[in-house]
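Please treat every number below as a calculation from the coordinates, not as lab data. Being a predicted model, the structure only gives us computed values, none of them experimental. Neighbour counts are summed over all protein chains in view; Cβ atoms, including those assigned to glycine, are modelled from backbone coordinates with ideal geometry.
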Amino acid sequence: MNLDGCNALITGASAGIGREFARQLANRSRSMILVARREERLAELRDELRQQHPNLAVYIRKVDLADFAELKELMHWIDREKIDVDLLINNAGLGDTGAFATSDPIRNDQMMLVNTVALTSLTRHLLPKMIAKRRGGILNVSSSAGFLPIPGDAVYAATKAYVTSFSEALRAELWRTGVSVCAVCPGPVRTEFQEIAARPGAQPVMGSRILFVPVQQVVRQALAALEADLPLVIPGLAMKIAMFLSRLMPMPVVRLVLRLSPKRV
Ligand SMILES: NC(=O)c1ccc[n+]([C@@H]2O[C@H](COP(=O)([O-])OP(=O)(O)OC[C@H]3O[C@@H](n4cnc5c(N)ncnc54)[C@H](OP(=O)(O)O)[C@@H]3O)[C@@H](O)[C@H]2O)c1
């Protein structure tokens, strides 16, 4: 997909990877819908983008993607405004680090709703028009956490396994329709994500430094992968190698390694 002149919808644009998507797309898009709960952050970003790109139309929508009514209202608003979204970036997401047995059930629900349900509903809503116009791109921000089960991140890793699997199946369904689907599977990226995923009173789990990839690189590689019509991208060489090796491990070996990982109960 050629991103020039696209009408993009970016979820989770108030911070981290989503905000960087907006910045890197600003000089190529015709319009942009920025979605998140923190409206003031979205307004700041809108002002910044408009100042630098006066011809860019920027809409901000305060939406809790874990709330069905708000999600539906967003979809109705897009229809009412007659915005032909041809680039959907399903980026909003959250994690929760700690044992499942002691997890907050409401947070688990939010994680599943934002990471998987909202992503699926938005895709279902916007896809038919993309197919009709034979032009569209869907960039699903998954995670390398989706390649393997992860004790201590059980629900999060499972939601990301869903995102990667869904993206691959959808891509196959959409072959030769003019609509590209790409799953982005970053390793650790320095954003607010780790702090938000930490339980009250616990230190954020940062992971190995060597695996961290700058947010700008994640977004650059993700957009390039979509334009090149690649199915999946793992930004950063170290993470790519780590994921390649981990996927060579037979499941019985994976289970042994998982059992030896630090206990968080
Ligand atoms: N950072 C990493 O290490 C890493 C690694 C792999 C994959 N990822 C994935 O990358 C994506 C972006 O994460 P990030 O690192 O940029 O994290 P972040 O800095 O915490 O940003 C998360 C974004 O999601 C939005 N969001 C969260 N819950 C929402 C809700 N209920 N309704 C609407 N928006 C919501 C937040 O906006 P509001 O709070 O304003 O609503 C924020 O804009 C996520 O899908 C994450 O799983 C991150």
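Observations
- With a Förster radius of 25 Å applied to the C-beta separation of Glu39 and Asp4, the computed FRET efficiency comes to 0.30.
- Positive-end residue of Leu88, Leu49, Ser143, charge dipole of the chain with Cβ unit charges: Ser143
- Straightening the chain between Asp67 and Val257 buys 64.7 nm, computed as 0.36 nm per residue apart minus the Cα-Cα spacing.
- Length added when fully stretched, Arg134-Ile106, from 0.36 nm per residue minus Cα-Cα: 6.1 nm
- Along the stretch 136-153 the Karplus relation, 6.51 cos²θ - 1.76 cosθ + 1.60 evaluated at θ = phi - 60°, assigns HN-Hα couplings of x, x, 10, 10, 9, 7, 9, 6, 5, 4, x, 7, 9, x, 10, x, x, 9 Hz to successive residues, with x for each Gly and Pro.
- Over the chain: Rg over Rh, Cα atoms, Kirkwood Rh: 0.96
- Using a Förster distance of 35 Å, the FRET efficiency for Asn27-Ile241 (Cβ separation, nearest 0.05): 0.60
- Each residue of the stretch 17-25 was assigned a 3J(HN,Hα) from its phi angle through the Karplus curve 6.51 cos²θ - 1.76 cosθ + 1.60 (θ = phi - 60°); the sequence is 5, x, 4, 5, 4, 4, 5, 6, 8 Hz, with glycine and proline shown as x.
- Straight-line cross-link reach from Lys129 at under 27 Å between alpha-carbon atoms covers these lysines, not counting any fewer than eight positions away in the same chain: Lys62, Lys72, Lys82, Lys160.
- The modelled label-to-label distance for the pair Asp84/Ala57, using points 7 Å beyond Cα in the direction of Cβ, is 1.2 nm.
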